[in-house]
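What follows is a single structure, written as structure tokens, with notes after it.
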Amino acid sequence: MTELSAARALVEAIGRGFEEFEPPAVANAVDGPLGWPGYDDQRARAADRSGAAESVLCGRAQVGQLPAVLIAFDFAHLGGSVGQAAGARIAAAFGRARELRLPVISLVASGGSRMQEGICALRQLQEIARACLLTRRDGIPHITVLRNPTTGGMWAALSAAADVVLAERGAAVAFGGSRVRSATETGEAFTAEGKFADGQVDRIVDPAELPPVLTELIRLLHPQRSSSLPAPVPKSLASGEPPSTGWEAVQRARSADRPRARAYLDAYFSTRSEISGDRAGGRDEGMLCGFGEHEGRTIAFAAQTGTANTPPGFRTAARLIRLADQLGIPVLTLVDTPGAANDAAAERGGVGPAIAELFTAVADAQVPITTLVIGEGGSGGALALAAPGRTWITADAYFAVIAPESSAAILKRDPAQVPDLADHLRLRPQDLVDLGFTRAIAD
């Protein structure tokens with residue numbers, strides 16, 4: 001065997017003091033459960049070549065200042081494939097994470113299920129999926145890293161089920177590996193970058209970035225850092241007194257000089273890490289989601305940036321709120337949109353069901369949600385992100401059942417009447433406080 005397997009070198013680069021878990025006992029028939037000719041010899045050669053006794057290495061280490069469970073694949077050992085022994089190791093590692101209440105980091109490089117063990121290998125996907133589910137139900141975070149390559153069952157049953165998905169730049173990532181899909185099926189769709197563009201990966205990382213990125217995520221998502229207290233209301237970055245008319249409120253909210261979501265997030269969090277994508281094929285850069293540290297506590301956030309949000313944006317926000325609820329982390333939402341996208345692409349993408357999904361996630365959340373309206377509050381696309389009974393507003397924002405211009409169109413009024421309609425809609429910050437929709441104008 002080589003002196004140090006690739007998997008052990010990786011875990012030692014990421015965490016300090018790695019302690020391997022005792023592998024579960026698995027019955028080993030000659031040449032495996034199928035009696036595959038020469039399989040024992042293949043395994044022996046793989047172990048000698050890779051320096052690893054199996055395709056996965058599982059144990060505990062300090063990642064930064066906090067402990068975590070690490071599951072590392074060694075592609076040099078039979079292509080990182082998973083059979084009965086590897087599957088048992090992975091499931092047992094998730095079990096230890098639940099016992100110890102430690103987050104899980106899976107470092108995946110795998111071609112999928114081990115062919116020489118047939119259906120006995122394939123069924124490990126069910127065991128791994130169940131282990132992931134039980135861990136999720138216990139509020140234990142799972143962060144995965146897609147390395148080169150990540151294909152087949154380990155992408156579908158393990159990595160795609162993780163709470164946060166990182167991918168190494170340039171990694172091949174696909175359900176069908178290059179040897180089993182059509183030779184004509186190539187391109188970005190089968191890469192880490194393609195998966196990021198399609199909303200299936202949260203962040204692309206270079207190998208050198210991996211240790212600090214994982215350290216930050218573990219610190220933010222570690223179960224011991226959760227708190228049941230609501231997120232404090234951010235300080236307002238608005239200038240001046242509340243607007244005197246409804247139309248002034250609309251104009252101030254639409255001003256290019258008004259502070260936007262990133263300015264509020266920068267002022268509120270000392271550090272933050274974003275998640276991206278709806279895991280269903282889409283991203284919306286107009287919806288910023290992730291976790292940050294505010295005064296020593298982890299707070300989740302979903303923030304609109306002033307654009308008309310698309311279906312992936314609403315689904316990503318719903319995903320963020322469900323994840324925060326699972327982990328027991330309070331949520332901050334920042335509302336700022338003229339309304340949901342309503343073009344043909346949005347309709348084909350399911351904008352109605354996506355907004356419904358976000359309404360449901362907010363209504364179902366057991367953790368407290370704090371909302372600050374920082375700009376335009378345009379109809380249902382804005383309301384879906386607002387917390388009932390826990391919404392504040394800044395002096396340069398408004399909230400309305402519909403934009404004044406659209407109101408004029410619906411009522412068949414002359415465009416010159418738009419400013420008057422803005423007053424009739426009672427959309428100013430002080431109006432919204434009087435009507436009981438918002439609790440106060442933020443200081």
* Unique residue being in contact (Cβ under 8 Å) with a residue 12 or more places away in the chain and surrounded by fewer than 24 Cβ atoms within 10 Å (Cβ to Cβ) when the list is A97, A86, A109, A92 -> A92
* **Within segment 140-168, considering residues that are more than 15 Å from the chain's Cα centre (by Cα) and not in a helix (DSSP H, G or I), the one surrounded by the most Cβ atoms within 10 Å (Cβ to Cβ)** => T150
* Asked: Looking at this structure, is L102 part of a loop (DSSP other than H, G, I, E, B), modelled with pLDDT of 95 or more and either of a type outside the set (A, V, I, L, M) or within 22 Å of the chain's Cα centre (by Cα) (or both)?
  -> yes
* From the residues in segment 32-51 that are part of a loop (DSSP other than H, G, I, E, B) and touching a residue at least 60 places away in the same chain (Cβ under 8 Å), which one is farthest from A85 (Cα to Cα)? -> W36
* Counting residues that are on the phi > 0 side of the Ramachandran plot and in contact with a Lys or Arg (Cβ under 6 Å, 6 or more places away or on another chain), which helices (runs of 4 or more DSSP H) fully inside segment 200-295 reach at least 3? -> none
* Sort through G118, G64 and tell me the only one that's in contact with a Lys or Arg (Cβ under 8 Å, 6 or more places away or on another chain) and not basic (K, R). => G64
* Is it true that A356 is of a type in the set (A, V, I, L, M, F, W, C) and touching a residue at least 40 places away in the same chain (Cβ under 8 Å)? -> no
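The values are calculated or read from the model by the stated rules, or taken from the named source; none is laboratory data. Since we're looking at a predicted model, the values are computed, not measured. Note that we place each Cβ from the backbone using ideal geometry, even for glycine, and neighbour counts take in every protein chain shown.
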